[in-house]
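First up is the structure itself, then whatever we jot down about it.
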Amino acid sequence: MSSSTQDSPTSYGSVSRFNHWLGALLVLALLAIGLYFEDMPKGDARKFWRGLHIAIGAFASLFLLWRVYWRVRSTSPLALPQQPALQKFAQVVHVLLLVGIAVLAITGPLIIWSTGRAIPVFDLLSIPSPFPEFRALHEPLEEVHGFTADAMLFLIGFHLLGVIKHQFIDRDGILKRMSGRA
Ligand code: HEM
Ligand code: HEM
């Protein structure tokens, strides 16, 4: 039943798999670009990378919110058997990853809209703010966005260690569950 669009007790369905891999790609790309331009001096290079982050982020934010919504309303596969404390930890990391994705997808656009400006997608398009200016929240939003991005580094690190442990030590076929070959 690996071709089903829905999750089964033993495997992720096609929608969840597509969401996971595209979501992972977008989050890793945005994280890399964000961490790269964060410490750059003001100037054209910083402007370019910040602009790229925002342009990708503008599309990514809608997809990522949908991705989290789909996970929340799907019945996920049963957790793989392992030591109970690790099983709990894996579930907590998954929930925190999803919370992190949602927080980044929401605070990102709000950082820009808080100043009353539209979100620029290169020179192609700009997405005007649906809200009146709320400048007082600009810096807090930036801080939450930056803190959450840093936290994602740790969470993704734990996530990958877990996948490696399952794949190579437990040999329980964890990657197959997320690639439609289970
Ligand atoms: C690129 C390397 C990655 C690999 C190899 C990988 C692999 C996996 C696998 C095999 C699962 C299924 C776990 C299970 O069966 O219980 C999973 C689930 C999950 N992964 Fe990843 N992952 C990667 C990157 C990421 C990134 C960057 C994020 C965060 C944005 C992420 C977020 C999640 C979440 C939230 C789940 C829970 C199920 C879901 O909602 O999709 N993963 N991952
Ligand atoms: C979902 C994954 C995302 C990750 C991992 C991520 C990561 C980062 C990082 C590491 C920074 C630099 C730290 C900082 O200056 O605060 C940053 C800044 C920024 N991000 Fe994101 N981001 C994501 C999504 C978005 C989205 C969807 C948008 C909306 C368009 C966005 C807009 C911004 C803006 C405007 C800044 C610059 C803040 C400043 O000038 O200081 N981000 N992001």
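The values are calculated or read from the model by the stated rules, or taken from the named source; none is laboratory data. Since this is a predicted model, take the numbers as computed values, not measurements. Reconstructed Cβ throughout: ideal geometry from the backbone, glycine too, with neighbour counts over all protein chains shown. When the accessible area is computed, the model is the full protein with side chains, heavy atoms only, and any ligands, DNA or RNA have been set aside. Shrake-Rupley method; radii C 1.70, N 1.55, O 1.52, S 1.80 Å.
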Practice problem: Kindly provide the set of residues from segment 25-48 that are crowded, with 16+ Cβ neighbours inside 10 Å and within 13 Å of ligand 1 (Cβ to nearest atom), ordered by number. | Solution: LEU26, VAL27, LEU30, LEU31
Quiz item: In segment 103-137, what residues are in a helix (DSSP H, G or I) and either more than 9 Å from ligand 2 (Cβ to nearest atom) or on the phi > 0 side of the Ramachandran plot (or both)?
Solution: TRP113, ARG135, ALA136, LEU137
Quiz prompt | Yes/no for VAL72 being near ligand 1 (Cβ under 10 Å from one of its atoms), open to solvent by 40 Å² or more (accessible area, probe 1.4 Å) and touching a Leu at 6+ places or on another chain (Cβ under 8 Å) | solution = yes
Quiz item: Here is a list of conditions, (1) open to solvent by 80 Å² or more (accessible area, probe 1.4 Å); (2) more than 9 Å from ligand 2 (Cβ to nearest atom); (3) not polar (S, T, N, Q), and GLY51 meets all of them except one; can you say which number that is?
Solution: (1)
Exercise. Mind listing whichever residues of segment 75-107 are surrounded by 14 or more Cβ atoms within 10 Å (Cβ to Cβ) and over 29 Å from GLY34 (Cβ atoms)?
Key: PRO77, LEU80, GLN82, LEU86
Self-check item: Residue under evaluation PRO132, criteria (1) closer than 27 Å to ALA55 by Cβ; (2) touching a residue at least 40 places away in the same chain (Cβ under 8 Å); (3) of a type outside the set (Val, Ile, Thr), criterion not met
Solution: (2)
Self-check item: Sole residue being touching a residue at least 24 places away in the same chain (Cβ under 8 Å) and in contact with a Phe, Trp or Tyr (Cβ under 9 Å, 6 or more places away or on another chain), chosen from VAL93, VAL68, VAL144, VAL72
Solution: VAL93
Self-check item: One residue from ILE156, ILE169 being within 8 Å of ligand 1 (Cβ to nearest atom) and either without any contact (Cβ under 8 Å) to a residue 12 or more places away in the chain or in a helix (DSSP H, G or I) (or both)
Solution: ILE156
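How about segment 1-15: which of its residues are part of a helix (DSSP H, G or I) and either open to solvent by 60 Å² or more (accessible area, probe 1.4 Å) or out of contact with any helix residue (DSSP H, G or I) (no Cβ under 7 Å at 6 or more places or on another chain) (or both)?
SER14
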